[in-house]
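Data first, discussion second: the structure below is written as C-alpha cells.
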Amino acid sequence: MSMLTRLYGVKGWLTFVGALLLLAVVVPLLNLGLSSGHSLHMPDHMVTLLGKILCYAIVALAMDLIWGYAGILSLGHGLFFALGGYAMGMHLMREIGRNGVYGSDLPDFMVFLDWKELPWYWFGSDHFGFALLMVVLAPGLLAFVFGYFAFRSRVKGVYFSIITQALTFAFMLLFFRNETGFGGNNGFTDFKRILGFSLADPHTKVGLYVITACTLFAVLLLCRFIICSKLGRVLTAIRDAESRLMFSGYDPLYYKLFVWTLSAVLCGIAGALYVPQVGIINPSEMSPANSIEIAIWVALGGRGSLTGGILGAGIVNGAKSWLTVAFPEIWLYFLGLLFILVTLFMPKGVMGLISAWRSRR
C-alpha cells in the first residue's frame, strides 16, 4: 500500500485538493479578480476574517493531535499561540522603523515608557529569518521543558490540564507588566509592513491569506502522516491503555514529549500567521478562556478525526463573527446554547454525526 493511499483514499484526496483549490485559489480570485461592484466580489475584511479562522484551524489541528490521539488535554495552548504571535510581532514592530508616532528607532511603546535602548532579548528581531526561528523555538523550548518534567513525573489527566492552565495564566500576568518589554496590556499593534510589503495593501493581505491556507493543509497532511504511522498507533495506545503499553516495553515519555512539543510549535506558527493579518497581539491571547475555547472547537468538531478540529474552529468562530454583529447583546447565550446542544445530542461532535449519517445510508 502506497503512502498516498494510506493517508487518504481516492475520494479523500479529491476532497482535499478541492478544498485547497477553493480556499487558496477561488477566494483570492473573488477578491482580486472581481471589481467591488460585482455580486460575487469578496471584500477585504472577509479575506482577513477567513485568514483568522484558518489560523485558528491550525491550532485546532494541533490540539486534536495531542488530545484526540494521545489523550493529553491541554488548557494552555493559547500560550504557545501567543508566543508565536509575539515573536512575529517583535519583528513587525522593528519593521515600522522611524515611521512610528515618535519617529524613533525604538518601538512607540518603549518611547512612551521612557526606555532608552532595546532590551537584550529584542536583538536580532529586526531580521525576518531570526523572527521565524523564534516563532518555532519560543513555544517549542517552553513546551519541551515543561512537558519533560510533567511527563517524567507522570502527571496526566485533569491534573495536567490544570497545570497547563496555570502556566498560561502566569505568563499572561507576566506579559501584562510594562517592565517586561512586551507592550504591557496593549501589546503590539500599528504594524506597517512585512518584508517591505505594506500590510494595508490588498495584495499583501491576500498573499498572507494564501500562505495561511497552504500552511493549514500542510499541517493537516503532517498530522495525518503521523497518525497513520507506527508512531500514531503508539500514541493511540497511550491514550487507551498507557499502563499496558509500558508493560509491552515502550516508554511513553518520549512519544508524549515529541507530540506535545510538535503541537506547541504548530500553535506558534499559527500565531505568527495570525498577527500580520489581524494587526495586533496582546496578553489577552494567553487568557485561560481562550485555551478552553480551543478545546471546545475540537470537541464540537469531533476529536480524533483531524477534520473535526478544522470544522469546529470554523463553525464556532464563524458563528461568533456573525452573532456579535447580529445580536451584540445576547450572542454569548446563542454560543452557550450551541455548546449545550452539541454536548447533549452530538457527543462525538459534527464528524460523529456525519459518520452516523453515512452509516445509515
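Derivation of every value follows stated rules applied to the coordinates shown; laboratory data play no part. As the structure is a computational prediction, the values presented were derived from the model and not from experiment. A quick note on method: Cβ atoms are made from the backbone with ideal geometry, for glycine too, and the neighbour counts reach across all protein chains shown.
If each residue's Cβ is checked for other Cβ atoms within 10 Å, how do Ser153, Ser74 rank with the fewest at the top? Please report the intermediate quantities before stating the final value.
On the way: Ser153 10, Ser74 28.
So the ranking, lowest neighbour count to highest, is Ser153, Ser74.
Separation of the range 169-211 from the range 107-151 is 13 Å, based on Cα centroids.
Using a Förster distance of 41 Å, how high is the FRET efficiency between Lys192 and Trp13, based on the Cβ-Cβ distance and rounded to 0.05? Each step should come with its number before you reach the end.
Working: r = 41 Å, r/R0 = 1.00.
My answer for the efficiency is 0.50.
GNM on the chain, alpha-carbon springs under 10 angstrom: the most fluctuating residue among Leu335, Leu221, Leu75 is Leu335. For Lys116, put the label point 7 Å out on the Cα→Cβ axis and report which residues of the range 178-202 keep their amide N under 18 Å from it. Counting backbone N atoms under 18 Å from the label point, the list is 179-181.
Using a simple spin-label model with pseudo-atoms 7 Å out from Cα toward Cβ, Cys214 and Ala170 lie 3.9 nm apart.
Sorting check: for 23-35, 79-91, 297-309, which peptide has the highest mean count of neighbouring beta carbons within 10 Å, and how do the rest follow? Write out the running numbers ahead of the final one.
Working: 23-35: 15.1, 79-91: 29.2, 297-309: 25.7.
Final packing ranking: 79-91, 297-309, 23-35.
On a full-extension model of 0.36 nm per residue, what is the gain between Leu4 and His41, subtracting their alpha-carbon distance, rounded to one decimal in nm? Working shown, then result.
Details: separation 37, 0.36 × 37 = 13.32 nm, distance 3.59 nm.
Length gained between Leu4 and His41: 9.7 nm.
Helix content alone sets the calculated 222 nm mean residue ellipticity of the chain: runs of n ≥ 4 DSSP H residues at -39500 (n - 2.57) each, divided across all residues, give -23000 deg cm²/dmol.
Filter the chain for me: DSSP H helices, axial length by Cα at least 30 angstrom, mean Kyte-Doolittle hydropathy not below -0.5. List them by residue number. Kindly include the intermediate steps, with their values, before the conclusion.
Working: long enough: 44-67 (34 Å, 1.47); 128-152 (36 Å, 1.96); 202-227 (38 Å, 1.63); 252-278 (38 Å, 1.23).
Membrane-span-like by this criterion, though nothing is claimed about a membrane: 44-67, 128-152, 202-227, 252-278.
Going by average Cβ neighbours within 10 Å, how do the peptides 172-183, 252-263 rank, with the highest at the top? It would help to have the intermediate numbers written out before the result.
Working: 172-183: 16.8, 252-263: 19.8.
Going by the mean number of other Cβ atoms within 10 Å, highest first, we get 252-263, 172-183.
Using a ≥ b ≥ c from the Cα gyration tensor of the chain (square roots of the eigenvalues), is it rounded, prolate or oblate, where a/c under 1.5 gives rounded and otherwise the larger of a/b and b/c decides, a/b for prolate? Walk me through the intermediate numbers first.
Working: a/c = 1.68, a/b = 1.22, b/c = 1.38.
Oblate.
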